[in-house]
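Just so it is clear, none of the values below were taken in a lab; they were calculated from the coordinates. If you're wondering where the values come from, they're calculated on a predicted model, not measured in any experiment. Methodologically, a virtual Cβ is constructed for each residue, glycine included, from the backbone with ideal geometry; neighbour enumeration extends over all protein chains shown.
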Amino acid sequence: MVNKAIFIFILNIIVPFMIFGTAFAKGDAMFASSTVNIYKDRAGQVSIGQLEVGAKVYLLKEEKDMAEISIKGWRQKGLKCVIYAFEGKRIILAELEPDGIKLVKVVKTVKDEDTQLVWERVVLNNVWIKSKYLVKDVNKVWSKISPLFHERCSMCHALPRTTTFTANQWPSTLRVMTKRAALTKKQADEITMFLQYHAKDVVKRAGATRKR
Ligand code: HEC
């Protein structure tokens, strides 16, 4: 019995860790406090994409005002320019330019039986952003956006619950509502990310995000 348990442990925990663990650079989890440019190198001149507000990244090292990070997320097979936060959920983590796409590595692929779509676990290592946009506690990001949501989304009706919809359902409702609420592109983005990360199917995920 004990031997079998150890064997299963090795097979399910150690082996995948050996295979995938090495592809993932290690670092502290941090969050983007705003939508920011991603750069190829420390010079920070050539932007290769954008990191979305609320995005979780891993800090590899900090040099002066720049931070070297690793971005881990999901792509729908065939769609290369967007990295999503979770498998099957269209919460944008990063949008990439062709030069950024070239740096993405696919770690594994998974087929979603419900939708028959193939999702790729991807990693973008050793890219840079301005370090002032990284925070340790994601609640700092949400507590800055929350007042805007409360103010602008309760003008015509009661404030909707973030859990009214799933992460994939929010964007289509918001396309209409952000026009009604006369939000700027930046504000619309912030409220979209806020609602998606607090959506019905995401709040349940351990570690995804905490209280509103
Ligand atoms: C100018 C008025 C106005 C503002 C501001 C507004 N809404 Fe609405 N909202 C409406 C009206 C009218 C409806 C009902 C009819 C409809 O769905 O078009 C509605 C419906 C909704 C619904 C229900 C949709 C459904 O499919 O059942 C949600 C959710 C919602 N709004 C969210 C928001 C959010 C989030 C914001 C802030 C970004 C917002 N609203 C701002 C007018 C507004």
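Put a dot 7 Å past the Cα of LYS200, heading toward its Cβ, do the same for ILE101, and the two dots end up 3.4 nm apart.
Based on Cα contacts under 8 Å between residues 6+ apart, region 26-135 shows a relative contact order of 31 percent.
Around the amide H of ALA167, modelled in the peptide plane, lie the amide H atoms of LYS200, ASP201, VAL202, all under 5 Å away and 5 or more residues distant in sequence or on another chain.
Coupling constants for region 147-164 follow from the phi torsions by the Karplus curve (6.51 cos²θ - 1.76 cosθ + 1.60, θ = phi - 60°), and in residue order they are x, 5, 4, 4, 6, 8, 9, 10, 6, 10, 8, 4, 4, x, 6, 5, 8, 5 Hz; glycine and proline get x.
Between the amide H of MET66 and those of SER131, distances stay under 5 Å, these residues lying 5 or more places away or on another chain, with hydrogens modeled in the peptide plane. Phi angles of region 86-93 translate, via the Karplus equation with coefficients 6.51, -1.76, 1.60 and θ = phi - 60°, into HN-Hα couplings of 10, 4, x, 10, 7, 9, 6, 9 Hz per residue; Gly and Pro are given as x. The amide H of GLY49, built 1.01 Å from its N in the peptide plane, has ILE38, GLU97 as neighbours under 5 Å, considering only residues 5 or more places off or on other chains.
In order along region 134-142, the phi-based Karplus estimate (6.51 cos²θ - 1.76 cosθ + 1.60, θ = phi - 60°) of 3J(HN,Hα) comes to 9, 10, 7, 10, 5, 5, 5, 5, 5 Hz; Gly and Pro are listed as x. Counting other Cβ atoms within 10 Å as a rough exposure proxy, the listed residues GLU190, GLU97, GLU62 run GLU62, GLU97, GLU190 from fewest neighbours to most. As a rough footprinting exposure proxy, the listed residues TYR58, TYR84 were ranked by other beta carbons within 10 Å of their own, and the order from fewest upward is TYR58, TYR84.
Ordering 133-146, 101-114, 28-41 by mean Cβ neighbour count within 10 Å, with the highest value first, yields 28-41, 133-146, 101-114. Using C-alpha pairs below 8 Å separated by at least 6 residues, the relative contact order for region 138-203 is 46 percent. Exposure proxy shown here: for ASP201, ASP189, the number of other Cβ atoms within 10 Å sets the order, fewest to most, as ASP201, ASP189.
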